Amino acid sequence: MLELSTVIKELRNELTKSMESAAGEQLRFGLGPIELEVTMVVTHEAALNGKVKFWVVETGADAKASGAQTHRVKLVLNPEVNGGSPYIGGRGRKGED
């Protein structure tokens with residue numbers, strides 16, 4: 001299982017690599033909303049300051065064996081770079097929005 005924050009961090013890293021690897025390309029793709037659907041397990045630590053953690057279950061993993069319940073969650077992420085929507089592709093041209 002992976003923490004939800006790790007999954008989102010790795011998604012961010014992959015999108016950044018896509019932007020960087022496309023430098024110099026003429027064809028550009030605007031990056032719109034990203035829908036990420038995951039199967040999760042929610043755990044709660046029984047300490048005084050108990051924390052709730054969200055774990056993403058890998059495909060085929062059997063979380064029920066540990067007594068946990070799984071939940072399907074869909075997140076919609078709106079990526080931004082410098083306050084605007086990023087492009088995955090080459091450099092911008094004059095007049096492009």
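Things worth noting here:
- Within the stretch 18-48, the set of residues being loosely packed, with under 11 Cβ neighbours inside 10 Å, among the charged types (D, E, K, R) and outside any loop (DSSP other than H, G, I, E, B) comprises 20, 35, 37.
- Selected residue (criterion: nearest to residue 19 (Cα to Cα)) from residues of the stretch 49-80 that are of a type in the set (Val, Ile, Thr) and either exposed (fewer than 10 other Cβ atoms within 10 Å of the Cβ) or at pLDDT 85 or above (or both): 76
- Residues in the stretch 18-31 include none that are under 24 Å from residue 88 (Cβ atoms), among the acidic types (Asp, Glu) and under 14 Å from the mean Cα position of the chain (by Cα).
- Residue within the stretch 18-25 that is of a type outside the set (Lys, Arg) and free of Cβ contacts under 8 Å to residues at least 60 places away in the same chain present: yes
The values are calculated or read from the model by the stated rules, or taken from the named source; none is laboratory data. Just so you know, these numbers come straight off a predicted model, no measurement behind them. Cβ sites come from the backbone with ideal geometry, for glycine too, and all protein chains shown count toward neighbours.
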